[in-house]
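Written below as structure tokens is the structure these notes are about.
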């Protein structure tokens, strides 16, 4: 579980002084906001660790992307990986 204090520290480190918008909170964007993605990119890879605290949100975001961009693939590392660093360390020994 993430405490309120830790969540505030993490979000503050991520957002700084920026207001919430579709770029830093894309899960909150309307589906049509992603409509032109296929004109910008060919494929999208979303990668998460099996131990990510927010893996459900990563799955939800991927499903939202797939509505606009069918060539979106979610890869969930099947291990204790919690974030990219852990996964890279495990893969590279």
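State whether the residues of segment 56-66 include one that is part of a loop (DSSP other than H, G, I, E, B) and either over 25 Å from residue 78 (Cα atoms) or out of contact with any helix residue (DSSP H, G or I) (no Cβ under 6 Å at 6 or more places or on another chain) (or both). No, there is no match, as no residue in segment 56-66 is part of a loop (DSSP other than H, G, I, E, B) and either over 25 Å from residue 78 (Cα atoms) or out of contact with any helix residue (DSSP H, G or I) (no Cβ under 6 Å at 6 or more places or on another chain) (or both).
Kindly provide the set of residues from segment 39-51 that are modelled with pLDDT under 90 and out of contact with any strand residue (DSSP E or B) (no Cβ under 8 Å at 6 or more places or on another chain), ordered by number. Across segment 39-51, the qualifying residue is only 51.
Restricting attention to segment 76-93, report how many residues are assigned to a helix (DSSP H, G or I) and modelled with pLDDT of 80 or more. Residues in segment 76-93 being assigned to a helix (DSSP H, G or I) and modelled with pLDDT of 80 or more: 0 in total. As a summary of the residue check, residue 45 satisfies the conditions (1) over 16 Å from the mean Cα position of the chain (by Cα); (2) under 25 Å from residue 79 (Cβ atoms) except for the one numbered (1).
Remark: pairs (first residue in segment 40-67, exposed (fewer than 12 other Cβ atoms within 10 Å of the Cβ); second residue at pLDDT 90 or above and in a strand (DSSP E or B); Cβ separation under 7 Å; 6+ apart in sequence or on different chains) = 45/73; 45/75. Being part of a helix (DSSP H, G or I) and surrounded by 10 or more Cβ atoms within 10 Å (Cβ to Cβ) is the requirement here; does residue 73 meet it? Criteria not met by residue 73.
Within segment 19-32, the residues that satisfy the criterion of being surrounded by 10 or more Cβ atoms within 10 Å (Cβ to Cβ) and more than 20 Å from residue 74 (Cα to Cα) are 20, 21, 22. So, of the residues in segment 30-55 that are assigned to a loop (DSSP other than H, G, I, E, B) and in contact with a helix residue (DSSP H, G or I) (Cβ under 7 Å, 6 or more places away or on another chain), which turns out to be nearest to residue 6 (Cα to Cα)? Looking at the filtered set, the residue picked out is 52.
The values are calculated or read from the model by the stated rules, or taken from the named source; none is laboratory data. Bear in mind the structure is a predicted one, so any value in this text is a computation, not a measurement. Here the Cβ is made from the backbone with ideal geometry for all residues, glycine too, and neighbour counts use every protein chain on show.
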